[in-house]
Each structure stands twice: as structure tokens, then as C-alpha cells.
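Visitor: One structure, as C-alpha cells, below. Some questions next.
The values are calculated or read from the model by the stated rules, or taken from the named source; none is laboratory data. On a predicted model such as this, the values are computed, not experimentally measured, just so you know. Glycine gets a Cβ as well: all are built from the backbone with ideal geometry, and neighbour counts include every protein chain shown. Keep in mind that these areas ignore ligands, DNA and RNA; they rest on the heavy atoms of the full protein, side chains included. Shrake-Rupley method; radii C 1.70, N 1.55, O 1.52, S 1.80 Å.
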Amino acid sequence: MEERPETELISIPATPRVSTPETLTPSGQRSPRPGSKEAKSTAWTPTSFISPRFLSPIGTPMKRVLINMKGYLEEMGHLTKLNPQDAWLPITESRNGNAHYAAFHNLNAGVGFQALILPVAFAFLGWSWGILSLTIAYCWQLYTLWILVQLHEAIPGKRYNRYVELAQAAFGKRLGVWLALFPTVYLSAGTATALILIGGETMKLFFKIVCGPLCSSNPLTTVEWYLVFTSLCIVLSQLPNLNSIAGLSLIGAVTAITYSTMVWVLSVSQQRPPSISYEPLSLPSASASLFSVLNALGIVAFAFRGHNLVLEIQATMPSTFKHPAHVPMWRGAKVAYFFIAMCLFPVAIGGFWAYGNLMPSGGILNALYGFHSHDIPRGLLALTFLLVVFNCLSSFQIYSMPVFDSFEAGYTSRTNRPCSIWVRSGFRVFYGFISFFIGVALPFLSSLAGLLGGLTLPVTFAYPCFMWVLIKKPTKYSFNWYFNWILGWLGIGFSLAFSIGGIWSMVNNGLKLKFFKPN
């Protein structure tokens, strides 16, 4: 009893009373939830033995030594500082991810409808420049993906769970928000809106193929199919966090690989059109040809979107000093990008070989339907369209999750409590219908692949290189230093050029990329 006052002076509260300050906890299965049993967990950590109960029989000098040791271990990165508010947000609510989840999520984000329009880019670039640009873009984005995986825990004891957080650490709090927030939100929201357009129009064609001559005289309009697809997306979006949609990501990955393979195999196996040519499309003026090439390169860049989700996917994994999260994340990413290459390259090369410069602006799926709808069994064609719908439904969830996270982060920071199920559902219904109304008001969004690729290119190709130099600080004027600075500024230059090409393509009706022309 005589030692009690000293023990009270050095005791450490087990549970913080507010959620705003960060608490010191080991990286476990979940983020520390304020006031919950998990915040009071007695699981062993490198400093769990330094507790008031353990220290009570030890003299004061020894206590100070052990407490100083605890501070040293925390400073050296044995413990990770986690914000208790993260336990309320969809990205970091659950931390039981693994390499399999990482592969599913990266595949679902990396393969999608953008692969179907790669043959359009080849029609303007030709064989040599098309294959060369696709190969360079693939290797470049794989390198920047490795950079992001490594920078997730670049500072011991700190995890950058979101792309904007890493940008703030590299460029400063204010400049980081300005540089990263717009392209990441634009990429997530723009992709979600485009998925509604693609998914709704594909559902309409699927119904037309399956129903055939038995269709009613008053079928649903294209906008009504958009609404049907949006409603399905909203229902699926009620899954609470990023780990909970791992099953959907698996479905999206399997369907993407399947329909990508089916599309190029069916195209190559059919008779090629008689007037096919592999010469790049020629336009009336040199400036028009230049802008069309820039837009085509923007399409290639857009095929590799998804880096705005890398840090978020890695944030769902537990991380300890001996088992950091970057190991399973990189293992899963390597598997995912192997399959991504197996989808993108055959679709681009096989589609261009099958249709050449006759490739319609809607991409290889439009070409397959337009040239061979009577040659391919109706059931096989319908299955291909159905797989596209499933993939769009799955991709909508993973691309919308950062937006859901932003909504809920704003709510929890103001109210200091987690979102109720009704508030969370309200945010997701609101976002789904906002995307629907934008798609209806601006139906040409699905034709902006080149512009989307140009505006969001820094997220994938430029910013990671700058972040590596500013955070890791390689030796000045070394090869690593020059290499990353050159890649970063090249990415910024390409972004401006491709954006100009995308705007020119949008203005000129002849070059608009319409995936499926509504009736």
C-alpha cells in the first residue's frame, strides 16, 4: 500500500477517453476501438511487460529504466501508432487481410472495361508503337506499385493507410491534399460513374440477346437500365468495409479474366473482315493525327489505373515488426499483375489482329457484337455480356470504397462517434444516385478514357517517384535520384499531353469513344 502513490504516478491509461489523439498499440487484426474490449486487450507486445501491475514490486529507478525502454522501442518502430478513429472507417475497420485478399483486390481494380478499348489505341498507334507503349506503361506502373508498397510503412511506427496521407507526408499537408485529393477522387468517382454507364448498357444488350424475338414491344430504355444497375450497386455497397468485399473482388477478378479471354479468343477464331488493314488511321491534318495519337496513349495509361487503391488495400493487413504488411502485399500484387498482363496484352494484340483499323470506337466487345453476332452461338455471346456485368458490379464496390471512407471520416471527425448503420447506408445510397445522375446528365463520360487517363496519370506514374525521393531521400545525384526525378517529370509531361489529346477527342464527334451506342 505504501508504493501505491508512486504506481499511480507512472501508470499508463489502458483506454483513451477520446478518439482524436493517437494511441500506442501493436498492429493487430483490427484498429484500436476507443472504449472497446479490443483497446484493453492483454495480448503480448514487445512492451506489454512494462505495465503498472508488473512494475509495482520493482523499485522506482528500475521502473524509470523500463519505461524509458518502452519509449525507445516505440521510437524505433516496434510499435505502430494507430489512430483509434480508424476503427470506425471502411478502409481500416478490419485488419485481417492477407496475400490472397491483396491479389483479389488488385486484380479486380486492375482489369476491367478499360481493357476492352485497348485495340482502339492500337488502331491509331499501329503494331510497333502500340506494343511498345503498352509494354513501357506496364513496366513503369509495376515499378511505381512497388514504390507505394514500400512507402506504406516508410517511417517506423507509422502506416500511411491512404494515398492522400502519403502525399501529405511527401509534399506537405496542404500541398499534398491539393495534389492528390482531386485526381484520386476524380478517378474513383469517374470510374464508378463510367461503370454505371457500361454496366447498364451491357445489361440492356444481354437482355436483348437472351430475349431475342420474344422481347416485349416496350423494353426498358437505356436510362432505366442505368437505374437497375445502380440499384444493384447500392445493394452490394452495404457491405461494411474493404475486407468484407474480398469475395466480390474474387468474383470480379475471375469474371474479368474469363471475359477478357473469351473476347479475344472468339475474335481471333472468326473470319477476319475482308478490307482489314493494319496501317494507323490517317486523319485530314497533322494536328488531328497528333492529337489522336495522344488520346490513344491516354487510353493506354487509363488501362493501368488502380494505384489510388494500393495503400488502402495494404492498410487492411496486420503489420508487426517481424511480419510487415508489405511482404504479403507485394506477393499478392505480383500474382495479380501477372494475370493482368495475361489479360491486357492478348486483348490489345488479338483484337487489333482480328479487326485492324476497322475496330469500332466502342472497343473489342462492340466489334465482336457488330461483326460476328450471327456467327457466334447466342448463349456464348450472352455469357460474355453477363460476365462484363458481374465485373462492373464488383469493380464499382472497390472503386467506391475510398469515397465511402472519406464521407465517414468527415462524419466521425465532427461527431466523435462511429456512423450508425443508417448513416452509413445513407451515404452509400446518396453516392450511388449522385453517380447515376451524373452519368445521365453527362452520358459521354464513358467516352473519356483518354482524358481520364491523362488527368489521373500522375497518381500512377509520377507522384510515387516524387514520393520516393522526398521520403526515402536517396543520395543526391545518384542513379536512383536521377531515375525517379526523370520518371516523375516525364509522367507530369505525359499527363498534360494526354489530357489535351483527350479533350480534343471529346470535342471531335468522330473520335468519341462510345462503348455501346444507346438506342
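Visitor: Can you list the residues of the stretch 120-151 with backbone N under 17 Å from a point 7 Å past the Cα of THR475, pointing along Cα to Cβ?
Guide: Backbone N within reach: none found.
Visitor: Also, quick follow-up: Set Lys and Arg Cβ to +1 and Asp and Glu Cβ to -1, take the dipole of the stretch 309-439 about its Cα centre, and tell me which of MET401, SER435, THR320 lies farthest positive.
Guide: THR320
Visitor: Residue separation times 0.36 nm, minus the C-alpha to C-alpha distance between VAL423 and PHE437: what's the value?
Guide: Values: separation 14, 0.36 × 14 = 5.04 nm, distance 2.11 nm.
That works out to 2.9 nm of additional length.
Visitor: Separate question: Take the cross-link list LYS334/LYS472; LYS322/LYS473; LYS208/LYS334; LYS158/LYS473 and give me the ones stretching past 29 Å between alpha-carbons.
Guide: Values: LYS334/LYS472 23 Å; LYS322/LYS473 24 Å; LYS208/LYS334 39 Å; LYS158/LYS473 17 Å.
Pairs exceeding the cut-off: LYS208/LYS334.
Visitor: Hey, how many Å between the Cα centroid of the stretch 404-419 and the Cα centroid of the stretch 280-359?
Guide: Cα centroid to Cα centroid, the span is 33 Å.
Visitor: While we're here: As an exercise, use a Förster radius of 25 Å and the Cβ-Cβ distance of SER269 and LYS208 to find the FRET efficiency, rounded to the nearest 0.05.
Guide: Result of the calculation: an efficiency of 0.60.
Visitor: Follow-up. What percentage of the solvent-accessible surface of the stretch 206-337, computed with a 1.4 Å probe over protein heavy atoms, is contributed by carbon and sulfur atoms?
Guide: 71 percent
Visitor: Accessible area per residue of the stretch 184-252 at 1.4 Å probe, in Å²?
Guide: In whole numbers, the stretch 184-252 has 39 Å² accessible per residue.
Visitor: Using per-residue counts of other Cβ atoms within 10 Å, averaged over each peptide, order 107-118, 246-257 from highest down. Don't skip to the answer; put the middle values down first.
Guide: Details: 107-118: 26.9, 246-257: 21.4.
Per-residue Cβ counts within 10 Å, averaged per peptide and sorted highest first, yield 107-118, 246-257.
Visitor: Sticking with this structure for a sec: Given 0.36 nm per residue, what is the gain on full extension from ARG378 to TYR143 after removing their alpha carbon distance, in nm? Let's see the in-between values first.
Guide: On the way: separation 235, 0.36 × 235 = 84.60 nm, distance 4.20 nm.
80.4 nm is the gain from fully extending ARG378 to TYR143.
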